[in-house]
1. In sequence order, what are the phi-derived ³J(HN,Hα) couplings for region 51-57 according to the Karplus relation 6.51 cos²θ - 1.76 cosθ + 1.60 with θ = phi - 60°, rounded to whole Hz, with x for glycine and proline?
2. Rank these by accessible area, largest first, 1.4 Å probe: PHE41, PHE34.
3. How tilted is helix 5-15 with respect to the longest principal axis of the chain? Cα atoms for both, answer in degrees (0 to 90, nearest 10).
4. Counting only heavy atoms of the protein chains, get the accessible area per residue of the chain (1.4 Å probe) and round it to a whole Å² value.
5. If packing is taken as the average number of other Cβ atoms within 10 Å across a peptide's residues, how do 5-15, 19-29 rank, most packed first?
6. Can you list residues from other chains, or at least 5 along the same chain, whose modelled amide H is less than 5 Å from the amide H of ASP68?
7. Quick one: if you stick a label point 7 Å off each Cα along the C-beta vector at LYS38 and GLN13, how many nm between them?
8. Could you check the simple spin-label distance between ILE54 and GLN2, using points 7 Å along Cα→Cβ, in nm with one decimal?
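The values are calculated or read from the model by the stated rules, or taken from the named source; none is laboratory data. On a predicted model such as this, the values are computed, not experimentally measured, just so you know. Here the Cβ positions follow ideal geometry from the backbone for every residue, glycine too, while neighbour counts run over all protein chains shown. Note: areas computed on protein heavy atoms with side chains; ligands, DNA, RNA excluded. Shrake-Rupley method; radii C 1.70, N 1.55, O 1.52, S 1.80 Å.
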Amino acid sequence: MQLSRKEGIRLYQNYGPVALVTGASSGIGKEISFQLEKAGFDLILNGRNQKALIEIQNQLSGNDIKVDVI
């Protein structure tokens, strides 16, 4: 899956600069997290596997976005 630039801008304008991603520790939620990061969203990640969420947070935090895990 790849989020187009146009779609990323539309989401950003309609919903704001922060995205809450549930199920972010694996699968579709994880992939959406990476796509939203590329679109410039700050992220709040939620999921069952805390260890995997922290790992994803570390991968995404190297860029100029804020990533929180809850």
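1. Working through the residues one at a time gives 4, 5, 4, 5, 4, 5, 4 Hz.
2. On the way: PHE41 5, PHE34 45 Å².
In descending accessible area the options line up as PHE34, PHE41.
3. 80
4. Working: 4690 Å² over 70 residues.
Using a 1.4 Å probe on heavy atoms only, each residue of the chain averages 67 Å².
5. Values: 5-15: 11.6, 19-29: 17.1.
Sorting 5-15, 19-29 by mean packing, highest first, produces 19-29, 5-15.
6. Correct list: LEU43, ILE44, LEU45.
7. Result for the modelled spin labels: 2.1 nm.
8. Taking the two extended label points, one gets 3.4 nm.
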